[in-house]
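The values are calculated or read from the model by the stated rules, or taken from the named source; none is laboratory data. All of these numbers come straight from a predicted model, not from anything done at the bench. All Cβ positions, even for glycine, are placed from backbone atoms using ideal geometry, and neighbour counts span all protein chains on display. To get the accessible areas, we keep the full protein, side chains included, count just its heavy atoms, and leave off ligands, DNA and RNA. Shrake-Rupley method; radii C 1.70, N 1.55, O 1.52, S 1.80 Å.
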Amino acid sequence: MIALLLAVSLYLIGSNQVRARYAVAYIALLACISLPAREFFLRIDGAHVSKGINVLGEVPAYLGFDASSAWMGFFPWVEMHLSDIVGVWLICVATLAIRLCMGLFWISAYTHPHRSTSNSLWQWRIDQMSEKFLIRSKVIFRVVDDLKGPVTVGIVRPMILLPSAMLTGMPVDLLEMLVAHEMAHIKRHDYSLNLIQSLIEIILFYHPAVWWISRQIRNNREEIADDLAARVTGEPRRLALALSELANFQFITPQLAQAAQGGNLMSRIKRLIKPEVRTLNWKAAFLILGLVSSSLTLFAHANISSSNAAKETGTAKDTSAAKMLYRDDDKKGDKRPVIDFAKCRPMYPKESMEKKESGTVYMSVLVGADGDILNTKVDRSSGYRMLDSAVVAALRSCKEKAIPGKINGEYAQIWTKVQFVWKLA
């Protein structure tokens, strides 16, 4: 949904408003990481867990799948194997984090005096450019022999690294424009923002929408640097010529550092030579406004439904206790669903009996307005997978209807909590 809203927003903003496009795309990326972060902190909050709000378990019912649908069993399976999935995710995140650290170490190695040399003439030119770009910190210029492309590194002490081949093989006036582009990155603190972006990509590496949003951010970041460099120097066409010359070098650099050849070089060159002017489509603006309003309305409705479901959640060790709660809530017009394990009693697995396995299975059960058991979810395992599976299978195959719950006096589809005790005689 975030990527869809971003795509429509970028269309409405237009390609010439790169600063607005960059800001909206970066906000979308932060939203992508804030939503799972919020869910994570809510899940580790004991008060939230006790309410029994089952995010994955409620998805099939919200999508309209019936109890016989294969999707009804998929999401509970994901919940049961969530620890394994998180383990795989942690391994991938650790691998990508190590790769990021190695890249940072690789870049920092080039800043060492043994790997790079200074150039007094170009350092003087960098100091002059710093005044034009209103950069207060000292920008260091270093020449590297085996570097594949010009990059900008550093947060506290920004540094521009330039390959020696470019210093001798490119005209000075064009090279100055490329350096001006790097100065624009320093002015905007793009190295820090790019590092934060890389960390978000590591955490959400599995989501294609995040990679698409990230690509939009990088393309817009390079275009903003082009605009700033062209405005400060007053020569956009020379910058376009410098980018065209840079394309001949066919450099490839890591995304950890800001490089002049980032983004789509050809589109950047065309944009500098002939900027696109486009007016806002007001019909499309009203369309996106309606889409956003509808999305917010659905989101608010989902939150209210989840809140009501959380209020209706109860825990009953046996049927008699559940019926007592049912009668007590009758005065308020709200009733919890009641599941009678005497009619849906699980069979003790033979192998579990031989191994003398016992324990308590804590379940969340979705009961429909007609009393059908639509979905089940293991909240807390008994410690033995066969015992957990036996309870789940018994509830799903039960032909007896449960006593449906009510909200405001009307039958409703509600999640409720039950527990089943496995105990050997």
So, of the residues in the range 363-384 that are surrounded by 19 or more Cβ atoms within 10 Å (Cβ to Cβ) and out of contact with any Gly (no Cβ under 9 Å at 6 or more places or on another chain), which turns out to be nearest to N408 (Cα to Cα)? G368
Can you name every residue in the range 332-347 that is surrounded by 16 or more Cβ atoms within 10 Å (Cβ to Cβ) and touching a residue at least 60 places away in the same chain (Cβ under 8 Å)? D334, K335, R336, P337, V338, I339, D340, F341, P346
Only one of (1) open to solvent by less than 20 Å² (accessible area, probe 1.4 Å); (2) free of Cβ contacts under 8 Å to residues at least 12 places away in the same chain fails for D388. Which number is that? (2)
So, D379, is that one in contact (Cβ under 8 Å) with a residue 12 or more places away in the chain and within 22 Å of H81 (Cβ to Cβ) or not? yes
Quick one: which helices (runs of 4 or more DSSP H) lie wholly within the range 64-173 and hold at least 1 residues that are more than 30 Å from W415 (Cα to Cα) and either open to solvent by less than 40 Å² (accessible area, probe 1.4 Å) or at pLDDT below 85 (or both)? 82-110, 120-132, 164-169
